[in-house]
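J.: I have a structure here, written as structure tokens, and I will follow up with some questions on it.
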Amino acid sequence: MDGRFRKALLIGVPYFWLLLFFLAPFLIVLKISVSDYAVSIPPYSPQLDLGGGWPAIADFFSQLDFENYRWLIDDALYAKAYLSSLTIAFFSTIFTLMIGFPFAYGLARSPERWRALLLMLVILPFWTSFLIRVYSWIGILKTEGLLNQFLLWLGVIDQPLVILNTNIAVYIGIVYSYLPFMILPIYSTLEKMDESLLEAAVDLGASRMKAFWLVTVPLALPGIVAGCFLVFIPAVGEFVIPDLLGGAETLMIGKTLWNEFFSNRDWTVASAVAIVLLLLLVVPILIFQRQIERQQEAEAR
């Protein structure tokens, strides 16, 4: 009986956590997304009154409309915002992978006495506020900033480059901010890799580069997948980086969501935007979860 209680408690705690901090807020936002806009506080008129019992619930479903969701389809701004967010998040993930994989590989192959220090350096940026770290890039990327001054001093450019308030600055900010999320899972898989497999591949006639692609990369694939999702998913809904580093032409769904909530005070449409964004991210989350399950099944065999 004690074993069953412990098992139920072990399973129940994370489910309760998800119920309290994910499902409940999701249902609240979903309720607002099917409400009507109103000039009031809060700025919406709920269509569902649970106090009225089953008759009120039946009346709600009989009169249910998706006007706020149809508005997202009719207005091209939201489709452009979703597409732009997915595009920026995708290429930011690719750039982060291109930088993070060599870094993780070098970290995994470094002398063991140095790994703890190097790992701490990867995590060190988290000791500083995320907002401050992003804001500091303004001083680096602006026309009279450190980067332009350094390039002018080297003679690489004749006049300052316009980087701030462009999509390039957004890419730089996302890659910088989420790089540790790419490095750590890849390092975790590479650090466990048996180097004798590479030696066996070389002994069988493969070059070191071919052995790298045929042995190292496939073994590191679970870490690569995990790192890509850890970067891509939050980057899609990013608000702070495009707001501080991006220009007026930088269109991302996080900024659109903020404007709807706090500038236009249209909570109903904003909630619909948030629900659609969540649905767009459910598929990669499920794929990631399935990948973890397959990895665990393979390790158990």
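J.: Taking springs between alpha-carbon atoms closer than 10 angstrom, which of SER45, SER196, SER271 fluctuates most in the Gaussian network model of the chain?
T.: For the chain, modelled as a Gaussian network with Cα springs under 10 Å, the answer is SER196.
J.: Pick from ILE41, ILE140, ILE123 the residue whose mean-square fluctuation is largest in a GNM of the chain, springs joining Cα atoms under 10 Å.
T.: Greatest mean-square fluctuation among the candidates belongs to ILE41.
J.: Moving to a separate point now. Please find, in a Gaussian network model of the chain (springs between Cα atoms separated by less than 10 Å), the residue of GLN159, GLN149, GLN47 whose mean-square fluctuation is greatest.
T.: In the Gaussian network model the winner is GLN159.
J.: Picking from CYS228, LEU152, MET193, whose Cα lies most toward the positive end of the charge dipole for the chain (charges on Cβ: Lys, Arg +1; Asp, Glu -1)?
T.: MET193
J.: Let me ask something additional. So, with +1 on the Cβ of K and R and -1 on the Cβ of D and E, and no other charges, what is the size of the charge dipole of the chain about its Cα centre, to the nearest 20 debye?
T.: In debye, rounded to 20, the chain gives about 800.
J.: Grab the other residues whose beta carbon is less than 12 angstrom from that of TYR135, score K and R as +1, D and E as -1, and report the net.
T.: Residues close to TYR135 contribute a combined charge of +1.
J.: Which is the longest run of the chain containing none of the GluC sites (Glu not before Pro) found in DSSP loop states (not H, G, I, E, B) with at most 16 other C-beta atoms within 10 Å?
T.: 1-143
J.: Classify region 100-229 as rounded, prolate or oblate, taking a ≥ b ≥ c as the square roots of the eigenvalues of its Cα gyration tensor: rounded when a/c is under 1.5, otherwise prolate if a/b is larger than b/c and oblate if not.
T.: Here region 100-229 falls in the prolate category.
J.: If you don't mind, another one. Please give the contour-minus-distance gain from GLU144 to ARG290: 0.36 nm per residue of separation, less the Cα-Cα distance, rounded to one decimal in nm.
T.: 47.8 nm
J.: Still on this structure: Would you please give the FRET efficiency between ARG265 and VAL13, computed as 1/(1 + (r/R0)^6) with r the Cβ-Cβ distance and R0 = 35 Å, to the nearest 0.05?
T.: 0.40
J.: Just in region 152-252: which trypsin sites (Lys or Arg not before Pro) are loop by DSSP and have at most 14 other Cβ atoms within 10 Å?
T.: LYS192
J.: List the lysines whose Cα lies under 29 Å from the Cα of LYS210, skipping any in the same chain that are fewer than 8 positions away.
T.: LYS210 reaches LYS192.
J.: Run down the aspartates and glutamates and flag those whose C-alpha is under 15 Å from the C-alpha of LYS80, throwing out any fewer than 8 positions away in its chain.
T.: Qualifying aspartates and glutamates at Cα under 15 Å: GLU249.
J.: In degrees, nearest 10, range 0 to 90: what is the angle between the Cα axis of helix 2-18 and the longest Cα principal axis of the chain?
T.: Its long axis makes an angle of about 80 degrees.
J.: On C-alpha positions alone, give me the angle between the axis of helix 24-33 and the longest principal axis of the chain, in degrees, nearest 10.
T.: So the inclination is approximately 60 degrees.
J.: Would you mind checking which residues have amide H under 5 Å from TYR44's amide H? H placed 1.01 Å from N; only 5 or more apart, or other chain.
T.: Counting only residues 5 or more places away or on other chains, the set is ALA38.
J.: Once the Cα gyration tensor of region 75-300 is diagonalised, what are the square roots of 5 times its eigenvalues, in whole Å and ordered largest first, as equivalent ellipsoid semi-axes?
T.: Working from the Cα gyration tensor, I get semi-axes of 35, 26, 15 Å.
J.: Taking a cut-off of 18 Å between Cα atoms, list the aspartates and glutamates near LYS255, but don't count ones fewer than 8 places away on the same chain.
T.: Within the straight-line limit of under 18 Å, LYS255 reaches these aspartates and glutamates: ASP75, GLU238, ASP243, ASP266.
Here, each number is a calculation from the coordinates, and none is a lab measurement. On a predicted model such as this, the values are computed, not experimentally measured, just so you know. Every residue, glycine among them, receives a Cβ derived from its backbone with ideal geometry; neighbour counts consider all protein chains shown.
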